[in-house]
Amino acid sequence: MRETLSLLFYLVRLRVRTRLEFRASLVIAWTAQGFGYAGVFTSIWIILTRFENIGGWSWPQMALFLGFHTLGYALGACFTLVQLRGMEEIVRGGEFDMLLVRPINPWAYLVFSGFNIEYGGHILLGLGLIVWALPQVGIVWSLPSALMLFGGLISSAFITASCITVVSACALVLQRARYLFGLYFDFWELSRYPASIFAPVFQLALLTVIPLGYMAYVPVSVLLGRPVPYLGAFAPFASLAAGPLAVLAAAAFWRFCLRRYQGGGG
């Protein structure tokens, strides 16, 4: 186990050092990503300045929500998205077969060897929104609220990594996965808004079969003292448990698909 962890950290360091060889392009990528997301958030801000709130959420509350959503996504996606989004090509091209004969877990090798530091723009923007919004929303700080802030962010990252893993694992059986990424990001974009503004059936979906509601809506609602439909007083525990449970579910699904993998030729 110790040797495996050392190898994984070495792969991350190697990837980071390689990417830092092109610092100018990295900074440009961070800036482009930051401006892209800032444009979307500006449109939400314009809506809020016109209508004062979205489903009862003011701009400082939405800024905290968006910062939480962006930062949690970036922390999870930097390990998984770019690496696993191409799983369809890896399987069909036979590269995954070569990974199976290496003395390391293929999922671990893929995600750690491809660690993506280009999410720096997301991280800076998410942190900036959170730091700006926290003094504006009047949270009464205590040990439970601090735990909810940091634990909720970790849980959000776990949910992102788990969802991407589940979608990519489908390529091991179906040899197709890119269209599923499109579906995932459709729901992910909707999760940028409070679930309370949607129909009850969709609210329930975001808290159960599509757990993207736990990326920001549930933890931020708990921090702000807002009620969470269907969860009630259980919301703080559900928010912290959602990420680890998603990891367990994703790991089980990955193993399920791996056992049924028959090679690039089907």
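Among the conditions (1) out of contact with any Leu (no Cβ under 8 Å at 6 or more places or on another chain); (2) within 16 Å of F158 (Cα to Cα); (3) among the aliphatic types (A, V, I, L, M); (4) in contact (Cβ under 8 Å) with a residue 60 or more places away in the chain, the only one that A216 does not satisfy is (1).
For I139, are the conditions met, namely being surrounded by 15 or more Cβ atoms within 10 Å (Cβ to Cβ) and in a loop (DSSP other than H, G, I, E, B)? So I139 fits the description; yes. The criterion of at least 1 residues that are in contact with a Cys (Cβ under 8 Å, 6 or more places away or on another chain), farther than 25 Å from V228 by Cβ and at pLDDT 85 or above is met by none of the helices (runs of 4 or more DSSP H) falling completely within the stretch 33-112.
The residues of the stretch 185-220 that are hydroxyl-bearing (S, T, Y) and surrounded by fewer than 20 Cβ atoms within 10 Å (Cβ to Cβ), listed by number, are Y193, S196, T208. Here the condition is being among the hydrophobic types (A, V, I, L, M, F, W, C), under 16 Å from S58 (Cα atoms) and at pLDDT 90 or above; of A216, A235, it holds for A216 alone.
Step by step: first the residues of the stretch 231-266, then only those that are surrounded by fewer than 15 Cβ atoms within 10 Å (Cβ to Cβ) and among the aromatic types (F, W, Y), then the one that is nearest to F68 (Cα to Cα). Which residue is that? Looking at residues that are surrounded by fewer than 15 Cβ atoms within 10 Å (Cβ to Cβ) and among the aromatic types (F, W, Y), I get F237.
So that you can scan it fast, the table gives a plain yes or no per residue for (1) closer than 30 Å to E88 by Cβ; (2) in a helix (DSSP H, G or I); (3) over 19 Å from the mean Cα position of the chain (by Cα):
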| site | (1), (2), (3) |
| --- | --- |
| I154 | yes, yes, no |
| I159 | yes, yes, no |
| S196 | no, yes, yes |
| T208 | yes, no, no |
| A235 | no, yes, yes |
| S239 | no, yes, no |
| A242 | yes, yes, no |
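The values are calculated or read from the model by the stated rules, or taken from the named source; none is laboratory data. Small disclaimer: the values here were computed from a predicted structure and weren't measured. Counting neighbours? That spans all protein chains shown, and the Cβs are built from the backbone with ideal geometry, glycine included.
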